[in-house]
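K.L.:
Can you keep this structure in mind? I'll have questions shortly.
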Amino acid sequence: MERGFCQSTWTTSDSPFPLPIFSPSNYSGIGGPAALPTLRLENTFNPNVTLTKVSGAHTIKFGTNIVRRQIIDFQTNQGDGLFNFDPTFTANPNSPGTTGDSMASFLLGTASGISQDFLLVWPGIRTIEIGSFIQDDWKVNARLTLNLGLRWDIPGQPHEVNGVTRTLRFDLDPKGPVLWPEPGKTADFYLGTVRTIFQEYALPLGKLTYKGQPIAPRSIRRTALLTVEGEKDDICAIGQTMAALDLCRGLPVTMKRHHLQTGVGHYGVFSGRRWAQQVYPRVREVIQTNEG
């Protein structure tokens, strides 16, 4: 090719997907899948200990469940490159809004945007989740049994074994960017997020703030919104993401879309075959429909 990427960031000469993605606006794009390869290695260690003691009318059970997860996740988006084409370079300068064609720009090789992703590390995620319980089945009499119990779960803070998962923030210190969360404070940040977002519902109740200013989704008026959920997602329940459509009351209905992807769980929404063939085309469509 006269213009293009010299090679993929991950493929070899005999790779089945060496072709970049060519995406002319208002036309169906061509090229290899955007999200390949997806390599995921996962080990789960799950020891359980449960003891039972019967004492008179009481049957007491207590135990502990430990889940140790080891995850290595490798994925590049547009690893072979992405060429976007729009009518800009073939439009009449005197009437650019009604002239030009993205396919003509494609034939001329005048891309409006070129991107290629590079994955610098293979993140190794580790978590430990601990849950303990005690239960008492108390047979008060022949007609009444009370089932009493208490359970305590600790959702472990995920961490990366090489320490590469912190975020570089430019807004926390006027002297320059800082790593966030700070080393040693990731647990406080994680638990604080769980409390604020998932237990106190601060965002839908209008109580979430940033630097003292309230965050108001209803003020969004010009940015299109697409929510995507997985049918088998066991982390984010169906409807949790779609609720953003109701929160953004300032957006017209024509700028709000929702897609429920069948047959995938939490991680399958944005990786693998269904992402490349079913989810990504809808994302691309929304972007192209609302460009400009």
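K.L.:
By how many nm would the segment from Ala243 to Asn92 lengthen if fully extended, with 0.36 nm per residue of separation less the alpha-carbon distance?
P.N.:
Numbers: separation 151, 0.36 × 151 = 54.36 nm, distance 4.29 nm.
Stretched out fully, the Ala243 to Asn92 stretch lengthens by 50.1 nm.
K.L.:
Turning to a different aspect of this structure: By the scheme Lys and Arg +1, Asp and Glu -1, what is the net charge of all other residues having a beta-carbon under 10 Å from that of Gly124? Kindly include the intermediate steps, with their values, before the conclusion.
P.N.:
Numbers: positive: Arg126; negative: Asp73, Glu160.
Result for the local shell: -1.
K.L.:
Kindly work out what percent of the DSSP beta bridges joining two residues of the range 202-292 are antiparallel, to the nearest 5. Present the calculation step by step, with values, prior to reporting the outcome.
P.N.:
On the way: 2 of 8 bridges.
Taking every DSSP beta bridge with both residues in the range 202-292, the antiparallel ones total about 25 percent.
K.L.:
I need two numbers for the range 202-292: Rg to one decimal and Dmax as a whole number, Cα atoms only, in Å.
P.N.:
When restricted to the Cα atoms of the range 202-292, Rg and Dmax are 14.6, 43 Å.
K.L.:
Follow-up. Within 13 Å, Cβ to Cβ, of Ala244, how many net charges do the neighbouring residues add up to if Lys/Arg are +1 and Asp/Glu are -1? Walk me through the numbers on the way to the answer.
P.N.:
On the way: positive: Arg218, Arg249, Lys256, Arg257; negative: Glu229, Asp246.
Here the count lands on +2.
K.L.:
Among the lysines, which fall within straight-line cross-link reach of Lys211, defined as a Cα-Cα distance under 20 Å, with same-chain neighbours fewer than 8 residues apart omitted?
P.N.:
Leaving aside lysines fewer than 8 places away in the same chain, those within reach of Lys211 are Lys175, Lys185.
K.L.:
Additional query: Which of Trp275, Trp152 has the fewest other C-beta atoms within 10 Å, and how do the rest follow up to the most? Present the calculation step by step, with values, prior to reporting the outcome.
P.N.:
Working: Trp275 25, Trp152 10.
Ascending number of Cβ neighbours within 10 Å: Trp152, Trp275.
Computed from the coordinates by the stated procedures, all read-outs in this text should not be read as laboratory data. Everything quoted here is computed from the prediction, not taken from an experiment. Virtual Cβ from ideal backbone geometry, glycine too; neighbours counted across all protein chains shown.
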